[in-house]
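Data block below; observations after.
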Amino acid sequence: MTTPTGPDTPTPTGAHVPPPGSDATPEELVADIEATRAELGDTVEALSRKLDVKAQARNSLEDAKQRGIEVFQQTRDAATDDHGNLTPEARSIAVRVAAGVAAVVVLRVVWKKVRR
C-alpha cells in the first residue's frame, strides 16, 4: 500500500518538499505556501526554545534534581537492609566518617588555642 502524496498531504517535520513547478495549480501554490509557513513556524519555535535561557536553566535544574534523588535512593538502598537499618559496611563507613569529622573539630580547636 502506498501513502498518498499531494498538496493536502502533511509532511513530516523537517522534511523538505520541492517547490511546485511552473505548471502548478493555484491549489498547489497555496498548499506550498501553507507548508512553508508551517515549517517556518516550527523553525521559529525551535529557535525560541534554544534562546530561552531561563527555561533551559529550569530544565537543567530539574534534571539535576531528579538525578540527585535517584542517586540518593540508590545509595540509601545500598546502605540499608530490608528493615531500614544500616548494613554493617555502611555502619563501618559512618563510624569512620564521624571519627574523621571529630578529629577535624578537635584539631581546629587545638589550632586556635595554640595560635593565641
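Throughout, read-outs are computed from the coordinates displayed, never taken from laboratory work. This is a predicted model, so every value here is computed, not measured. Neighbour counts are summed over all protein chains in view; Cβ atoms, including those assigned to glycine, are modelled from backbone coordinates with ideal geometry.
Any idea how many residues of the range 16-58 are in a helix (DSSP H, G or I) and either more than 35 Å from the chain's Cα centre (by Cα) or not basic (K, R) (or both)? Of the residues in the range 16-58, 27 are in a helix (DSSP H, G or I) and either more than 35 Å from the chain's Cα centre (by Cα) or not basic (K, R) (or both).
Just one of the listed residues (D52, D42) is surrounded by 10 or more Cβ atoms within 10 Å (Cβ to Cβ), among the acidic types (D, E) and in contact (Cβ under 8 Å) with a residue 24 or more places away in the chain, namely D42. Sub-7 Å Cβ pairs linking a first residue in the range 64-87 that is of a type in the set (A, V, I, L, M, F, W, C) to a second residue that is part of a loop (DSSP other than H, G, I, E, B), at least 6 apart or interchain, are A79/T87, ordered by first then second residue.
Within the range 71-88, at least one residue is in a helix (DSSP H, G or I) and more than 33 Å from the chain's Cα centre (by Cα).
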